[in-house]
Amino acid sequence: MKPIFRSRRRQQTGASLLEVLIAILIMSFGIAGVALLMAATIQYNKTSQYQMVALQIATQLAESMRANTDGFMADSYAKTGMYSSTVAVASLPTCVASAACTSSEIASIDKAQVANTLRLALPGGDFNVQRNGNRADIWIMWMEPKTAASMSMGTANCRAAAISGLGDTPRCLYMRAAL
């Protein structure tokens, strides 16, 4: 009788070094993707925060204009200059007593307060106001912090005359208020 030789195959009991390296490579791509997603999430969250602050300040300005319709109709709230992210803090105009202030002095006080609030709340914050009949067009502008993956949105709502020729374009929030 012939002996029967069975071929013994070695059963693989562990993972080879190559398989471990491939698994590490795949995991590193996954972790890198999650890290990029987290960075984008933080950036979008900050942008949303800036937009909310800009909306609150624009609403505050619109309410100030509604409270001082004489000053608004006299174009005392108009501010149509070029955007500048380096404008100094505005000094508040003074009048003897708030009850004795004229409507244009009240408008100057409101504009200075808004300008100072923007400087403190938004990086490079500035604003423009233009009167169209009994409506106010309000633009709040600020500089978005630079990141490696800068978002391409921003200037769509900007007043063209305020940002033409600028190197870095600001982000803008536009609001129309009826008085």
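Values as computed for the structure displayed
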| item | result |
| --- | --- |
| Residue identified as at pLDDT below 95, touching a Gly at 6+ places or on another chain (Cβ under 7 Å) and either surrounded by 13 or more Cβ atoms within 10 Å (Cβ to Cβ) or assigned to a helix (DSSP H, G or I) (or both) among SER85, SER76, SER48 | SER85 |
| Residue in the range 109-118 that is within 28 Å of the chain's Cα centre (by Cα) and exposed (fewer than 15 other Cβ atoms within 10 Å of the Cβ) present | no |
| Of the criteria (1) of a type outside the set (Gly, Ala, Ser); (2) within 18 Å of ARG176 (Cβ to Cβ); (3) modelled with pLDDT under 80, which one ASP137 fails | (3) |
| Filter result for LEU61 (at pLDDT 95 or above and either exposed (fewer than 14 other Cβ atoms within 10 Å of the Cβ) or in contact with a helix residue (DSSP H, G or I) (Cβ under 7 Å, 6 or more places away or on another chain) (or both)) | yes |
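The values are calculated or read from the model by the stated rules, or taken from the named source; none is laboratory data. Everything numeric here is computed off the predicted structure, so don't read it as measured data. Because the Cβ atoms are built from the backbone with ideal geometry, glycine has one as well, and the counts that use them run over all protein chains shown.
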